[in-house]
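Following: one structure in structure tokens, then a few remarks.
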Amino acid sequence: MWESLDGIAWSGLRHHRGKASDVPGLFPGCAGDDEPRQALTDLDLVLFYSGGWISPAAVAALPFLIDLAVGEQPCRCRADVVDLVETLIVEGADLDTNVDPGWRPALLRETPRLLGLLDDPDPVIRRHAIEILAAGLLPADQTRTHLTRRWETETDPANRLGLVAHLGPAVQHALLDGDDLQAGLAALHALSETDPGLPLTRVPQMIAAVHDEHIGAWRDTARFAGTPSGITAATGRLLAADPDARTRFALAVGATAGRHERFAALGHAGDLITRNRAVDPALHDLLADRLGDDDPDVRHRAAWLLGGVPTRQAADRLAALTETDDAAVWALARLHDPRCVPALQRPRAGFTTSPVMASRDLLTFALPSIGEVLTPLREFAPGLVDGVALLPGRVRCEVLGAWQTGIEHLIPLLTDNDLAGNAAHALGEIGPAASGAAGLLTGFPWAYWRVTGDPARLLHTVAQGWDRQTMRYLGDLGPLAAGFTDRLAEATTSDDEWVRLDAARAHHRITGDPAVAAPVLTALARPLRFGECPPVAVPALEHLADIGHAGAAPIAQAVADSPVRLSYFGDWHVFATDERLLAAAHRIIQANA
């Protein structure tokens, strides 16, 4: 049955794992009765390499894969074989290089058999065949001809949705106003790629389509994660250019009985709230209502968003969720509501112990780390200190240092080689109240100075080295570090923007004269004026607020007037960063009023 495999010198070919001598032995297993899917998985692992290479072995294997796909060889996992063929063809179309020169001729030879799959009795096989043809197997006009023919006879709902994207504008426009709401929705998605304004004229139709009982047909497609929530989310994103239209969409789909609609609606609400400072109050009402949802994922999203934009009106409902949802605990913490304290006195699985930074364009509803939740809650320290003492050492030091308390929980850590520096820094933040630990801090000059007031060890240390930490120490020393101002002025011209920031801040703190620091900090903060927010711009603007620098007033005004939230990172950082920037901007504006 597989005799022709022996006619190929496999050992002279390569795949991404090495010599291809193992490939011929895998094909019979794909056609056998004993775990054929495992044999196909093994074949997939050697033939497909995402983002890398269409290998000579893949070229040689293609005819035998298609033998299995079209049924010329018996195969119990034929749809999976066609899926592998589709994967290889799509990958080959996406790669500009690293495609074996024999790949395209091999595809052309097999095109008649691949086209035959469009008429296969199995709708799953036809589904893959549609995507194979759409990947550029043939010239565009021939592709459209074949897919239009398939459209005329296709009865499977999911396949019809997949075909719509490839039918051409004339057919797609006709489908927009047809009786099939899902086909119209598929056409809208396809047409919006070249006409992004079209969805703004079709909001009622979009709402009707995601409410339609037939939306479940998307589950069997490869598009939009193959879920009703996925298509609902993608549909709302077509309205991203118009917050008002997207808000109408979110409110309409969020107030329904369908779980996929409510879940997706809170995704849209999240996109709107994390992007725009001003949102329709009805969105806040939607979030508060969803706190009572019977789906825990929907409740979590609602609580998370209310943590981003805290409102006292939702506090009682949030408090009712603190036993089961850490997002509700965070939201209460953001309100500085004492009802967050009992929940934070014990470990919470939802909060990581290390900060996580997400892309600005990615909304994952990830919570802050436990240290980031606790640090602002200094007023609740007496009720939380014992719980903080149970946290990992670095988090413990971070929180207790910020709270300037918990000396008894920090001193034991000074004997831990891994944590001594963290503990010393926390004791230094506490200052003279920790002077009883001074004898244990002689190896930590900054902390020793902070608790004793004796700068000699620290001045000696900074004279020996020169890095960003040194500059921060110098800034903390203030006028005591006057002998280092020339070096700091020189460092403000560094190629490293963070070095320039630290040098400028230290120079100003030592001298009290903004002449050197202000131009450097203004340059670092200037992108904010144009809606850009590199990380270094945030502390730069904050120190300009400390100075009250008049030259930063146009930047501050632009920050204050921005309709969108300013942040480099995403998720909850959007709220925290934008709040820091607004606070600094208002200080500058008031100082120069």
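Can you list the helices (runs of 4 or more DSSP H) lying wholly within region 23-122 that have 1 or more residues being basic (Lys, Arg)? Full working, then the answer.
On the way: elements: 27-31, 36-47, 56-70, 78-94, 103-116.
Filter on region 23-122 gives 36-47, 78-94, 103-116.
Would you pick out the residues in region 254-286 that are of a type in the set (Lys, Arg) and open to solvent by 50 Å² or more (accessible area, probe 1.4 Å)?
Arg259, Arg275, Arg277 - these are the residues of region 254-286 that are of a type in the set (Lys, Arg) and open to solvent by 50 Å² or more (accessible area, probe 1.4 Å).
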Original post:
Given (1) β-branched (Val, Ile, Thr); (2) over 30 Å from Thr352 (Cβ atoms); (3) surrounded by fewer than 17 Cβ atoms within 10 Å (Cβ to Cβ), where does Val564 come up short, assuming only one miss?
Top reply: (2)
**OP:** Would you check which residues across region 4-57 are within 17 Å of Leu84 (Cβ to Cβ), out of contact with any Ser or Thr (no Cβ under 9 Å at 6 or more places or on another chain) and hydroxyl-bearing (Ser, Thr, Tyr) and list them?
**Re:** Thr41, Ser55
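Considering Ala158, Ala209, Ala234, Ala222, which residue is under 27 Å from the mean Cα position of the chain (by Cα), at negative phi and open to solvent by less than 20 Å² (accessible area, probe 1.4 Å)?
Ala234
For region 563-580, which positions are closer than 12 Å to Gly270 by Cα and assigned to a loop (DSSP other than H, G, I, E, B)?
Hits for region 563-580 are Gly570, Asp571, Trp572.
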Original post:
In region 569-591, which residues are among the polar types (S, T, N, Q) and in contact (Cβ under 8 Å) with a residue 40 or more places away in the chain?
Top reply: Thr577
Original post:
Among Arg378, Arg394, Arg346, Arg339, which is closer than 24 Å to Thr470 by Cα, of a type in the set (D, E, K, R) and surrounded by fewer than 21 Cβ atoms within 10 Å (Cβ to Cβ)?
Top reply: Arg394
Subject >> Residues of region 532-544 satisfying the condition of being within 29 Å of Ala331 (Cα to Cα) and surrounded by 21 or more Cβ atoms within 10 Å (Cβ to Cβ) >> reply: Cys533, Ala537, Val538, Ala540, Leu541, His543
**OP:** Please specify each residue of region 445-482 satisfying the condition of being outside any loop (DSSP other than H, G, I, E, B), open to solvent by 60 Å² or more (accessible area, probe 1.4 Å) and closer than 20 Å to Val499 by Cβ.
**Re:** Gln464, Arg468, Gln469, Arg472, Asp476
**OP:** Determine whether Ala433 is open to solvent by less than 20 Å² (accessible area, probe 1.4 Å) and either at positive phi or not in a loop (DSSP other than H, G, I, E, B) (or both).
**Re:** no
Subject >> Condition check for Leu13: open to solvent by 60 Å² or more (accessible area, probe 1.4 Å) and either modelled with pLDDT of 90 or more or touching a Cys at 6+ places or on another chain (Cβ under 8 Å) (or both) >> reply: no
Subject >> Yes/no for Ala170 being assigned to a helix (DSSP H, G or I), open to solvent by 10 Å² or more (accessible area, probe 1.4 Å) and not basic (Lys, Arg) >> reply: yes
Original post:
Among Thr492, Thr442, which is the only one that is of a type in the set (Val, Ile, Thr), in contact with a helix residue (DSSP H, G or I) (Cβ under 8 Å, 6 or more places away or on another chain) and surrounded by 18 or more Cβ atoms within 10 Å (Cβ to Cβ)?
Top reply: Thr492
Original post:
Do the conditions hold for Gly371, that is, is it open to solvent by less than 60 Å² (accessible area, probe 1.4 Å), in contact with an Asp or Glu (Cβ under 7 Å, 6 or more places away or on another chain) and modelled with pLDDT of 95 or more?
Top reply: yes
Original post:
So which pairs qualify, if the first residue must be in region 188-201 and in contact (Cβ under 8 Å) with a residue 40 or more places away in the chain, the second must be open to solvent by 20 Å² or more (accessible area, probe 1.4 Å) and in a helix (DSSP H, G or I), the Cβ gap must be under 7 Å, and the two must be at least 6 apart or on different chains?
Top reply: Leu188/Leu198; Ser192/Leu198
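Determine whether Pro554 is surrounded by fewer than 22 Cβ atoms within 10 Å (Cβ to Cβ), out of contact with any strand residue (DSSP E or B) (no Cβ under 9 Å at 6 or more places or on another chain) and over 24 Å from Ile589 (Cβ atoms).
On the way: surrounded by fewer than 22 Cβ atoms within 10 Å (Cβ to Cβ): yes; out of contact with any strand residue (DSSP E or B) (no Cβ under 9 Å at 6 or more places or on another chain): yes; over 24 Å from Ile589 (Cβ atoms): no.
The answer is no for Pro554.
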Original post:
Residues of region 173-224 being closer than 26 Å to Ile132 by Cα and not in a helix (DSSP H, G or I), which ones?
Top reply: Asp180, Glu193, Thr194, Asp195, Thr221, Ala222, Arg223
Original post:
Does any residue in region 138-150 that is among the charged types (D, E, K, R) come within less than 6 Å, Cβ to Cβ, of a residue that is assigned to a helix (DSSP H, G or I) six or more places away or on a different chain, and which pairs are these?
Top reply: Arg150/Leu118
Original post:
Does region 23-81 hold any residues that are touching a strand residue (DSSP E or B) at 6+ places or on another chain (Cβ under 9 Å) and among the hydroxyl-bearing types (Ser, Thr, Tyr), and which are they?
Top reply: Tyr49, Ser55
Original post:
When region 70-113 is examined, which residues are found to be more than 17 Å from Ala222 (Cβ to Cβ) and among the hydrophobic types (A, V, I, L, M, F, W, C)?
Top reply: Val70, Cys75, Cys77, Leu95, Val99, Trp103, Ala106, Leu107, Leu108
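This table checks each residue for (1) of a type outside the set (Lys, Arg); (2) closer than 27 Å to Pro563 by Cα; (3) part of a helix (DSSP H, G or I).
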| site | (1), (2), (3) |
| --- | --- |
| Asp486 | yes, no, yes |
| Ala489 | yes, no, yes |
| Thr493 | yes, no, no |
| Arg500 | no, no, yes |
| Ala503 | yes, no, yes |
| His508 | yes, no, yes |
| Thr522 | yes, yes, yes |
| Pro527 | yes, yes, yes |
| Cys533 | yes, yes, no |
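Which members of region 116-131 meet the condition of being under 39 Å from the mean Cα position of the chain (by Cα), farther than 11 Å from Val85 by Cβ and either surrounded by fewer than 19 Cβ atoms within 10 Å (Cβ to Cβ) or without any contact (Cβ under 8 Å) to a residue 60 or more places away in the chain (or both)?
First, pick out the residues of region 116-131 that are under 39 Å from the mean Cα position of the chain (by Cα): 117-118, 122-131.
Right, trim to farther than 11 Å from Val85 by Cβ and you get 118, 122-124, 126-127, 130.
Residues satisfying the conditions are Leu118, Asp122, Pro123, Val124, Arg126, Ile130.
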Subject >> Selected residue [at pLDDT 95 or above, of a type outside the set (Phe, Trp, Tyr), under 19 Å from Phe263 (Cα atoms) and buried (at least 16 other Cβ atoms within 10 Å of the Cβ)] from Leu318, Leu384 >> reply: Leu318
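The values are calculated or read from the model by the stated rules, or taken from the named source; none is laboratory data. No experiment lies behind these values; they were computed from the predicted model shown. All Cβ positions, glycine included, derive from the backbone under ideal geometry; neighbour counts span all protein chains shown. To get the accessible areas, we keep the full protein, side chains included, count just its heavy atoms, and leave off ligands, DNA and RNA. Shrake-Rupley method; radii C 1.70, N 1.55, O 1.52, S 1.80 Å.
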